[in-house]
Amino acid sequence: MRHIIILIGAFFWIGCQSNKTSNNGQTEDIGKNPVDNPVMGGPADIKITLTDNSINATVQIIGFYLDQNYVQDTVIAVNGKLHYKNEKGLPQGLYYFMFSNDIAVQAIVAEDQQFELSVSTQDMINTMQVEGSDEPETDAADADGLEMAVLKAQQDE
């Protein structure tokens, strides 16, 4: 009986190990490799410029999961420009880059996380310019369609 309890304890301990060993004997950080976890994007190199605002602030990168939001990371904006760089990348999804309580840039961050976005805070939909990734450009077009749908819904009320 004592041997069974020891065996169960040993199996439990082995099963709870959080590191994975690859074929070459090195330990990998599970979940940070986009091949092992397709939800993670590639390395992030995101530049956002507010063309009409020279705000200097700590920008919160707010992510969403189900009905919850969370601060994924922070970055400093200088003269209305931020440069976020992270070798591990961000989990793919919807993010707000909160410059202040009344200035936020919304972006869908997919696998390709290397892009530059410039926008005027006065008219974000029509002034958004994206370079480096095809995906955010289609997001801007979708947002324009969404804005039109919201305006139509408001007119129908």
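Of the strands (runs of 3 or more DSSP E) lying entirely inside the range 57-131, those carrying at least 1 residues that are within 11 Å of the chain's Cα centre (by Cα) and touching a residue at least 60 places away in the same chain (Cβ under 8 Å) are 103-109. Among the residues examined, Tyr84 qualifies as open to solvent by less than 20 Å² (accessible area, probe 1.4 Å) and not small (Gly, Ala, Ser).
Filtered by the rule that a residue be out of contact with any Leu (no Cβ under 7 Å at 6 or more places or on another chain) and not small (Gly, Ala, Ser), the range 107-127 gives Glu111, Asp112, Gln114, Phe115, Glu116, Leu117, Gln122, Asp123, Met124, Ile125, Asn126, Thr127. The residues of the range 38-74 that are under 14 Å from Ile108 (Cβ atoms), of a type in the set (A, V, I, L, M, F, W, C) and in contact with a Leu (Cβ under 7 Å, 6 or more places away or on another chain), listed by number, are Ala44, Ile48, Phe64. Restricting attention to the range 105-152 and to residues that are open to solvent by less than 30 Å² (accessible area, probe 1.4 Å), at pLDDT 50 or above and hydrophobic (A, V, I, L, M, F, W, C), the residue that is farthest from Ala77 (Cα to Cα) turns out to be Ala110. Scanning for something open to solvent by 40 Å² or more (accessible area, probe 1.4 Å) and under 17 Å from Val119 (Cα atoms), does the range 57-70 turn up at least one residue? No, the range 57-70 has no match at all. Residues that are open to solvent by 50 Å² or more (accessible area, probe 1.4 Å) and out of contact with any Gly (no Cβ under 9 Å at 6 or more places or on another chain) were ranked within the range 89-104; the one that is modelled with the lowest pLDDT is Asn101.
The values are calculated or read from the model by the stated rules, or taken from the named source; none is laboratory data. Values in this document were obtained by computation on a predicted structure and should not be read as measured data. Note: ideal-geometry Cβ built from the backbone for every residue, glycine included; neighbour counts use all protein chains shown. We work out accessible area using only protein heavy atoms, side chains counted, and drop any ligands, DNA or RNA first. Shrake-Rupley method; radii C 1.70, N 1.55, O 1.52, S 1.80 Å.
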